[in-house]
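Single-structure report; data block below.
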């Protein structure tokens with residue numbers, strides 16, 4: 001992570017932050033965060049990330065001390081981001097990587113990190129998923145719909161990347177990504193009630209309604225039905241889309257081309273926003 005950060009719009013250095021200013025977030029996980037892609041100094045879909053952050057804060061008004069409304073405005077965050085990039089030569093105005101906004105204790109903390117070193121390889125070669133964790137979630141539990149600072153469960157599972165399921169045998173998500181399956185004639189993703197995070201790329205694909213000629217739909221997906229999957233991709237804001245080349249022992253060679261198409265579509269959507 002880079003040393004330059006911003007707190008409520010003020011450019012600071014990580015080393016100068018005081019734990020006491022983020023005590024509820026640190027000790028109790030009482031806060032939320034969102035992670036977004038930055039390309040050549042431009043944050044992708046920042047408005048959507050802030051809207052999701054705002055919905056989470058509004059859902060827990062007495063539990064999480066929200067930052068002042070003016071620092072959560074998109075124009076304010078863009079200005080804060082620009083000031084950070086200009087202030088740090090290690091970042092630079094053409095920075096490409098990942099930004100993170102964490103809201104807790106009345107503070108909005110903006111930090112930066114480089115893209116994961118294996119992102120390009122994952123996009124090129126895909127990833128294998130061999131493990132499922134049925135019962136990891138409870139159907140209808142609203143908490144996975146919010147990206148809380150208490151993120152240890154997901155963090156502890158990142159290396160193995162199991163497909164998380166609920167107690168009735170439905171697929172939910174991966175630890176840090178939404179998941180889409182080509183089943184029959186549709187590209188299906190689990191509904192929010194499965195539950196799963198309302199990811200930004202997931203939201204974009206559902207709004208578009210299709211990837212190429214393939215309709216995109218929400219529906220309950222039984223893990224046992226994935227034997228019939230023709231392709232699979234997982235999505236998040238950092239990597240955009242990664243193909244799953246083998247799922248529970250079944251080769252899915254079409255997943256890489258599907259992931260390429262998803263990334264192309266998302267980047268086209270991003271270019272239309274600006």
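The values are calculated or read from the model by the stated rules, or taken from the named source; none is laboratory data. Keep in mind that what you see is a predicted model, and the values were worked out from it rather than measured. Positions of Cβ are generated from backbone atoms using ideal geometry, with glycine treated the same way; all protein chains shown enter the neighbour counts.
Observations
- Residue count for the stretch 99-110, restricted to those that are under 13 Å from residue 43 (Cα atoms) and buried (at least 21 other Cβ atoms within 10 Å of the Cβ): 3
- The set of residues in the stretch 12-40 that are within 17 Å of residue 82 (Cα to Cα) and surrounded by 16 or more Cβ atoms within 10 Å (Cβ to Cβ) comprises 12, 35, 36, 37, 38.
- On the stretch given as the stretch 59-80, residues that are buried (at least 17 other Cβ atoms within 10 Å of the Cβ) and under 19 Å from the mean Cα position of the chain (by Cα) total 2.
- Only one of 168, 266, 217, 233 that is within 22 Å of residue 47 (Cβ to Cβ) and either in the same structural domain as residue 128 (by TED's automatic domain parsing) or part of a helix (DSSP H, G or I) (or both): 266
- The stretch 143-157, residues that are surrounded by 13 or more Cβ atoms within 10 Å (Cβ to Cβ) and either part of a helix (DSSP H, G or I) or free of Cβ contacts under 8 Å to residues at least 60 places away in the same chain (or both): 144, 145, 154, 157
Let's see how each residue does on (1) farther than 26 Å from residue 140 by Cβ; (2) crowded, with 16+ Cβ neighbours inside 10 Å; (3) modelled with pLDDT of 95 or more; (4) within 19 Å of the chain's Cα centre (by Cα):
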position	(1), (2), (3), (4)
185	yes, no, yes, no
195	no, yes, yes, yes
201	no, yes, yes, yes
216	no, yes, yes, yes
235	no, yes, yes, yes
252	yes, yes, yes, no
256	yes, yes, yes, no
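- You will find that of 206, 226, the residue that is assigned to a helix (DSSP H, G or I), free of Cβ contacts under 8 Å to residues at least 24 places away in the same chain and in contact with a strand residue (DSSP E or B) (Cβ under 7 Å, 6 or more places away or on another chain) is 206 and no other.
- Of the strands (runs of 3 or more DSSP E) contained entirely in the stretch 1-80, those carrying at least 3 residues that are in the same structural domain as residue 94 (by TED's automatic domain parsing) and under 24 Å from residue 270 (Cβ atoms) fall at 31-39.
- Meets criteria (outside the structural domain of residue 269 (by TED's automatic domain parsing), crowded, with 19+ Cβ neighbours inside 10 Å, touching a residue at least 40 places away in the same chain (Cβ under 8 Å) and in a loop (DSSP other than H, G, I, E, B)) for residue 90: no
- Qualifying residue in the stretch 114-129 (condition: within 29 Å of residue 70 (Cβ to Cβ), assigned to a strand (DSSP E or B) and touching a strand residue (DSSP E or B) at 6+ places or on another chain (Cβ under 7 Å)): no
- Selection count where residues are touching a residue at least 40 places away in the same chain (Cβ under 8 Å) and not in a helix (DSSP H, G or I), scope the stretch 247-263: 4
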